[in-house]
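Chemist: The structure that follows is given in the form of structure tokens.
The values are calculated or read from the model by the stated rules, or taken from the named source; none is laboratory data. Here the structure is a predicted model, which is why all the values come from computation and not from measurement. Here the Cβ positions follow ideal geometry from the backbone for every residue, glycine too, while neighbour counts run over all protein chains shown. Heavy atoms of the whole protein, side chains included, go into the accessibility calculation; ligands, DNA and RNA do not. Shrake-Rupley method; radii C 1.70, N 1.55, O 1.52, S 1.80 Å.
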Amino acid sequence: MARLEFTKMQGCGNDYIYVVATRARPADPAALSIRLSDRHFGIGADGLIMLAPSRSADIRMEMYNADGSRGDMCGNGIRCLARMAWERGIARKNPIEVETDAGVKSVALQIEDDRVSGATVDMGEPILEGREIPVAAAGRIIARELEVGGRREKITAVSIGNPHCVVFVSVDSVFRLDDHEFARLGRQFENHPFFPRRVNTEFILPLSRTRLRMRVWERGSG
């Protein structure tokens, strides 16, 4: 049986399986991500991220969601990848430039005693033009009404390397849904025809001028 060395890391609870693929790589990383990400019969994760060589940056992030679909970018995932690259001596510079399917991103590391204690990623300028996010409409999508699962919601669309649908709510009902019901709601947004490449959805409840509560459904990972 083939053996595969991996590292399991999480950023803000967003967890991935990491594989260094600088010399050799799995033959079918999409299928591998499905098998390993299963939280009952695999390692359990939101997906698989491979650290690969890059011609345009210090390293490359190759990302697969838990359902095997290709991911363009993940802010938490890339921070963990940069930490691993530094601590394994693969990229000993700061900040580290990381090539992703959404372009090259810069990750600044906080280093104490030659260990990474924190990481900040520059996600770049957000994309607000509908066709570029993409959504099935032109112009900025701000507080636009969308019918999802028989209910009308006001959504705002943005991309920071991957498409997001932001739904501001005034009551906490979405936070009281059990996992099964929340997954049903999340999938309705993820697979809505308004989002041709599917979508990540954030439900946000303002608590004060300085605090928000958020519950997230990630395309391909849940």
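Chemist: Does region 171-186 hold any residues that are surrounded by 15 or more Cβ atoms within 10 Å (Cβ to Cβ) and among the hydrophobic types (A, V, I, L, M, F, W, C), and which are they?
Modeler: Passing the criteria: Val174, Leu177, Phe182, Leu185.
Chemist: Return the residue satisfying two criteria in turn: it lies in region 123-170 and is at positive phi and at pLDDT 95 or above, and of such residues it is surrounded by the most Cβ atoms within 10 Å (Cβ to Cβ).
Modeler: By that ranking, first place goes to Gly139.
Chemist: Inside region 1-29, can you point out the residues that are in contact (Cβ under 8 Å) with a residue 40 or more places away in the chain, over 29 Å from Arg215 (Cβ atoms) and buried (at least 17 other Cβ atoms within 10 Å of the Cβ)?
Modeler: Within region 1-29, just Val20 meets the criteria.
Chemist: For region 30-68, what are the residues that are more than 19 Å from Arg219 (Cβ to Cβ), open to solvent by 60 Å² or more (accessible area, probe 1.4 Å) and in contact with a Phe, Trp or Tyr (Cβ under 9 Å, 6 or more places away or on another chain)?
Modeler: Matches in region 30-68: Arg35, Ile43.
Chemist: Cβ contacts < 9 Å: first residue within 15 Å of Val167 (Cα to Cα), restricted to region 131-150; second residue acidic (Asp, Glu) and in a loop (DSSP other than H, G, I, E, B), any location; separation 6+ or different chain. Result?
Modeler: Close Cβ pairs satisfying both conditions: none exist.
Chemist: Take the residues in region 27-38 that are in a loop (DSSP other than H, G, I, E, B) and under 21 Å from the mean Cα position of the chain (by Cα), then tell me which one is farthest from Asn65 (Cα to Cα).
Modeler: Top of the filtered list is Asp28.
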